[in-house]
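Participant: Sharing a structure, written as structure tokens. Questions coming.
The values are calculated or read from the model by the stated rules, or taken from the named source; none is laboratory data. Treat the numbers as computed from the prediction; the structure is a model and nothing was measured. Here the Cβ positions follow ideal geometry from the backbone for every residue, glycine too, while neighbour counts run over all protein chains shown.
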2 protein chains.
Amino acid sequence: MQELKNDRYLRALLRQPVDVTPVWMMRQAGRYLPEYKATRAEAGDFMSLCKNAELACEVTLQPLRRFELDAAILFSDILTIPDAMGLGLYFEAGEGPRFEKPIIDKASVDALPIPDPEDELGYVMNAVRTIRKNLQGQVPLIGFSGSPWTLATYMVEGGSSKSFTKIKKMMFAEPQTLHLLLDKLADSVILYLNAQIAAGAQSVMVFDTWGGVLSPRDYKDFSLQYMEKIVNGLTREADGRRVPVTLFTKNGGAWIEAIAATGCDAVGLDWTIDIAEAKARVGDKVALQGNMDPSMLYAPPARIEEEVQTILAGFGEGSGHVFNLGHGIHLDVPPEHAKVFVDAVHKYSRQYHK
Amino acid sequence: MQELKNDRYLRALLRQPVDVTPVWMMRQAGRYLPEYKATRAEAGDFMSLCKNAELACEVTLQPLRRFELDAAILFSDILTIPDAMGLGLYFEAGEGPRFEKPIIDKASVDALPIPDPEDELGYVMNAVRTIRKNLQGQVPLIGFSGSPWTLATYMVEGGSSKSFTKIKKMMFAEPQTLHLLLDKLADSVILYLNAQIAAGAQSVMVFDTWGGVLSPRDYKDFSLQYMEKIVNGLTREADGRRVPVTLFTKNGGAWIEAIAATGCDAVGLDWTIDIAEAKARVGDKVALQGNMDPSMLYAPPARIEEEVQTILAGFGEGSGHVFNLGHGIHLDVPPEHAKVFVDAVHKYSRQYHK
């Protein structure tokens with residue numbers, strides 16, 4: 001494997017000194033880029049793009065050609081595991097992801113297989129290997145998975161949800177069934193992420209998009225507990241380097257102490273928490289990733305630069321900060337604004353790393 | 001005006017001793033009740049129900065006939081003010097509220113009138129007077145409004161939103177236009193709530209449903225600042241009693257110190273914050289309202305009772321707690337479960353009030 005030319009991202013996650021604050025953008029390979037839309041059109045539908053290693057590699061690398069990003073992230077979907085379990089993932093226009101066979105009871109949980117990451121999910125590992133090879137050590141490659149709770153919401157609701165009626169009914173009326181499902185998902189995610197690491201991912205991230213719809217007690221029981229199981233089950237070294245793990249719960253700002261206590265290396269922050277406050281609460285234990293409001297990329301360039309400076313000043317001196325948006329980049333953001341954002345992070349952060 | 005037979009709700013908001021913890025439910029007059037659906041069908045569409053004082057009174061009183069609730073809340077919509085400003089509110093099936101003429105720029109903000117609460121909004125005041133009279137002092141009547149930020153989201157987006165693209169574009173690119181709109185809305189809300197108080201509301205609540213989509217800095221500038229203006233502009237005594245004011249920001253748990261510092265009497269909590277933590281942080285300054293996950297009403301009765309006891313124990317001894325759900329009751333909850341909830345609050349709270 002080729003030497004890494006830029007390891008700022010990995011160093012910052014381990015709170016080791018860096019020259020400038022590293023930056024990447026959640027969903028940086030995506031619809032705001034015309035070249036992404038062209039490749040997507042070539043692939044056909046979204047899952048065909050995920051399943052074609054060459055094209056998945058192409059869209060992963062596209063944002064790196066435009067912007068001085070410090071990491072690449074595997075292009076894939078968070079619902080690959082439930083799909084590999086046989087739930088029948090499909091996409092309805094304007095409706096988001098749907099499952100043909102949602103989880104409805106204990107029998108449907110019992111029937112779920114734990115997917116073999118090199119078999120049913122082999123297409124993901126092929127994409128990881130292809131991307132890692134084509135990156136030629138330019139920046140590290142991030143692998144990822146949805147959290148067990150977040151995957152379960154789609155599997156039980158049958159798709160996206162606003163009120164999470166079905167899974168909460170299960171959670172309150174049949175908690176043991178849901179725990180069985182979450183445990184099976186945690187085991188599947190461990191195998192999946194370890195296979196990504198073996199295939200070349202140099203860091204992994206767990207996205208808990210929907211943990212924030214839970215009460216503090218339910219979050220710990222039904223989401224965090226299973227993310228902790230994952231952290232404990234992961235391969236933590238590859239190519240002689242530590243493989244850092246980042247946990248991100250959207251709307252989880254109240255619980256960052258508990259997230260940091262899982263043993264993860266970094267905690268992802270959305271934009272509803274002040275990064276100075278987050279650093280004061282957990283910055284001696286973990287690195288922090290975040291946290292500009294993705295909507296700020298609609299603002300004029302000068303305002304974007306101002307916001308970057310505010311967040312950098314909030315984190316202050318020293319390493320342990322990976323700059324990012326607080327959630328995925330919006331699809332109608334001008335790419336030039338993303339460039340202003342990335343460049344501003346490098347330009348204005350140098351003073352904090354002396 | 002008739003003496004209040006049950007003033008637990010008002011006393012708890014002012015942290016005065018009570019015999020048991022008072023309880024009501026956000027959206028307690030609503031579609032989960034078959035008698036509500038019957039009255040709604042009689043009225044025709046939703047706004048016709050709001051505009052008919054007799055029928056609005058009828059649906060307000062319906063839940064009080066089923067459950068031992070400690071407060072009634074005016075039946076109305078949060079979008080009455082933008083409608084009275086001439087934006088043309090209408091409801092599209094399955095789409096929620098929409099406006100014919102959304103706010104798009106400074107000129108459209110400049111053109112907005114401040115509605116006269118006894119003229120364009122006279123139907124709301126008629127409903128307040130009718131309900132107050134028909135309550136015959138059984139329990140206090142709560143008046144309410146949406147917060148300026150929350151009203152502005154609908155006015156700028158043209159309806160409900162998931163990503164708040166348009167209003168955030170305005171917030172970051174043209175903040176002065178948005179401040180002008182929010183200030184006009186704050187002035188309108190002050191007139192509107194004071195008119196409700198004059199018409200008979202014994203307490204008022206401001207719903208900031210969408211404040212939680214903002215960063216801490218933007219929340220203070222674009223939402224909280226205007227709620228504070230409202231608190232300072234309200235009539236605080238009527239019929240020789242204090243009129244308590246409750247502020248509720250959904251997903252605002254991180255900011256309850258700042259909310260409490262506005263001078264409000266109570267802070268509403270959703271279910272994503274532990275009430276024991278909230279009490280430790282602000283319980284010497286304000287009362288707390290909340291905070292059971294509304295989805296808990298899907299659970300079996302024994303589980304509902306257990307959750308009520310957990311939250312009561314979290315708040316602990318003494319007054320200053322108004323029990324409620326953390327958001328509106330879901331439309332598919334069995335009414336018998338709501339009864340279990342209300343009864344459990346009274347039954348299990350007595351021990352904390354000695």
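Participant: Would you mind listing the helices (runs of 4 or more DSSP H) fully within region B:202-269 where at least 3 residues are within 14 Å of chain A (Cβ to nearest Cβ)?
Facilitator: B:216-219, B:256-260
Participant: Counting only residues that are in a loop (DSSP other than H, G, I, E, B) and either in contact with a strand residue (DSSP E or B) (Cβ under 8 Å, 6 or more places away or on another chain) or in contact (Cβ under 8 Å) with a residue 60 or more places away in the chain (or both), which one in region B:281-304 is surrounded by the most Cβ atoms within 10 Å (Cβ to Cβ)?
Facilitator: B:Val286
Participant: Right, here's the next one. Against the condition of a type in the set (D, E, K, R), closer than 26 Å to A:Ser163 by Cα, under 18 Å from the mean Cα position of the chain (by Cα) and modelled with pLDDT of 95 or more, how does B:Asp293 come out, does it pass?
Facilitator: Here the answer is yes, as B:Asp293 does meet what is asked.
Participant: Do we find a residue being of a type in the set (Ser, Thr, Tyr), more than 15 Å from A:Ile142 (Cβ to Cβ) and not in a loop (DSSP other than H, G, I, E, B) anywhere in region A:59-69?
Facilitator: Keep residues of region A:59-69 that are of a type in the set (Ser, Thr, Tyr), which gives A:60.
This time we only want the ones that are more than 15 Å from A:Ile142 (Cβ to Cβ), so: none.
No, the conditions are met nowhere in region A:59-69.
Participant: Additional query: Within region A:70-109, can you find the residues that are part of a strand (DSSP E or B) and touching an Asp or Glu at 6+ places or on another chain (Cβ under 6 Å)? Give the steps one after another, and end with the answer.
Facilitator: If we filter region A:70-109 for residues that are part of a strand (DSSP E or B), which is where we start, we get A:72-73, A:89-92, A:96-99.
A:Leu89, A:Arg98, listed by residue number.
Participant: OK, next. Restricting attention to region A:52-82, which residues are closer than 30 Å to A:Ala107 by Cβ and crowded, with 20+ Cβ neighbours inside 10 Å?
Facilitator: Scanning region A:52-82 gives A:Ser76, A:Leu79, A:Thr80, A:Ile81, A:Pro82.
Participant: In region A:47-72, which residues are out of contact with any helix residue (DSSP H, G or I) (no Cβ under 7 Å at 6 or more places or on another chain), over 12 Å from A:Tyr123 (Cα atoms) and not basic (Lys, Arg)?
Facilitator: Those that are out of contact with any helix residue (DSSP H, G or I) (no Cβ under 7 Å at 6 or more places or on another chain), over 12 Å from A:Tyr123 (Cα atoms) and not basic (Lys, Arg): A:Pro63, A:Leu64.
Participant: For region A:134-165, name all the residues that are in contact with a Gly (Cβ under 8 Å, 6 or more places away or on another chain) and surrounded by fewer than 18 Cβ atoms within 10 Å (Cβ to Cβ).
Facilitator: A:Ser160
Participant: A further question on this structure: Can you tell me which of B:Arg27, B:Arg40 is in contact with a helix residue (DSSP H, G or I) (Cβ under 7 Å, 6 or more places away or on another chain) and surrounded by 15 or more Cβ atoms within 10 Å (Cβ to Cβ)?
Facilitator: Checking each option against the conditions leaves just B:Arg40.
Participant: Still on this structure, please answer the following. Restricting to region B:113-156, give me the number of residues that are polar (S, T, N, Q), closer than 23 Å to B:Asp7 by Cβ and in a helix (DSSP H, G or I).
Facilitator: Count: 2.
Participant: Considering only region A:292-305, how many residues are more than 13 Å from A:Val342 (Cα to Cα) and of a type outside the set (A, V, I, L, M)?
Facilitator: Adding up the residues that qualify gives 5.
Participant: Now for a separate question. Do you know which residues across region A:329-354 are within 14 Å of chain B (Cβ to nearest Cβ) and closer than 20 Å to A:Arg65 by Cβ?
Facilitator: A:Ile329, A:Leu331, A:Val333, A:Pro334, A:His337, A:Val340, A:Phe341
Participant: Do we find that B:Thr21 is more than 28 Å from B:Met155 (Cβ to Cβ), touching a helix residue (DSSP H, G or I) at 6+ places or on another chain (Cβ under 8 Å) and outside any helix (DSSP H, G or I) in this structure?
Facilitator: yes
Participant: Those residues that are of a type outside the set (D, E, K, R) and not in a loop (DSSP other than H, G, I, E, B), I need them from region B:270-280; list them, please.
Facilitator: Residues satisfying the conditions are B:Ile275, B:Ala276, B:Ala278, B:Ala280.
Residue-wise test of (1) in contact (Cβ under 8 Å) with a residue 12 or more places away in the chain; (2) among the basic types (Lys, Arg).
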position	(1), (2)
A:Arg31	yes, yes
A:Ser48	no, no
A:Lys51	yes, yes
A:Glu54	yes, no
A:Arg65	no, yes
A:Asp70	yes, no
A:Gly86	yes, no
A:Phe91	yes, no
A:Ala107	no, no
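Participant: Does region B:103-120 include one or more residues that are within 14 Å of chain A (Cβ to nearest Cβ) and within 29 Å of B:Ala198 (Cβ to Cβ)?
Facilitator: No, region B:103-120 contains no residue that is within 14 Å of chain A (Cβ to nearest Cβ) and within 29 Å of B:Ala198 (Cβ to Cβ).
Participant: Can you pull out the residues in region B:289-315 that are more than 12 Å from chain A (Cβ to nearest Cβ), under 19 Å from B:Lys354 (Cα atoms) and in contact with a Gly (Cβ under 9 Å, 6 or more places away or on another chain)?
Facilitator: Scanning region B:289-315 gives a single hit, B:Phe315.
Participant: Right, here's the next one. So, in region A:111-160, exactly how many residues are closer than 29 Å to B:Ala299 by Cβ and touching a residue at least 40 places away in the same chain (Cβ under 8 Å)? Break it down into steps so the answer makes sense when it comes.
Facilitator: Here is the first cut: in region A:111-160, the ones closer than 29 Å to B:Ala299 by Cβ are A:111-112, A:146-160.
If we keep only those that are touching a residue at least 40 places away in the same chain (Cβ under 8 Å) as well, we get A:112, A:146-160.
Residues meeting the conditions: 16.
Participant: Output the residues belonging to region B:150-176 that are of a type outside the set (Gly, Ala, Ser) and more than 14 Å from chain A (Cβ to nearest Cβ).
Facilitator: Within region B:150-176, B:Thr150, B:Leu151, B:Tyr154, B:Met155 meet the criteria.
Participant: Something else: Restricting to region B:177-201, what's the tally of residues that are within 14 Å of chain A (Cβ to nearest Cβ) and either small (Gly, Ala, Ser) or in contact (Cβ under 8 Å) with a residue 60 or more places away in the chain (or both)? Talk me through it step by step, then tell me what you get.
Facilitator: First pass over region B:177-201, keeping only residues within 14 Å of chain A (Cβ to nearest Cβ): B:177-178.
Subsequent filtering for residues that are either small (Gly, Ala, Ser) or in contact (Cβ under 8 Å) with a residue 60 or more places away in the chain (or both) retains B:177.
Qualifying residue count for the region: 1.
Participant: Continuing with this model, one more query. For region A:307-333: of the residues being outside any helix (DSSP H, G or I) and more than 22 Å from the chain's Cα centre (by Cα), which is surrounded by the most Cβ atoms within 10 Å (Cβ to Cβ)?
Facilitator: A:Gly318
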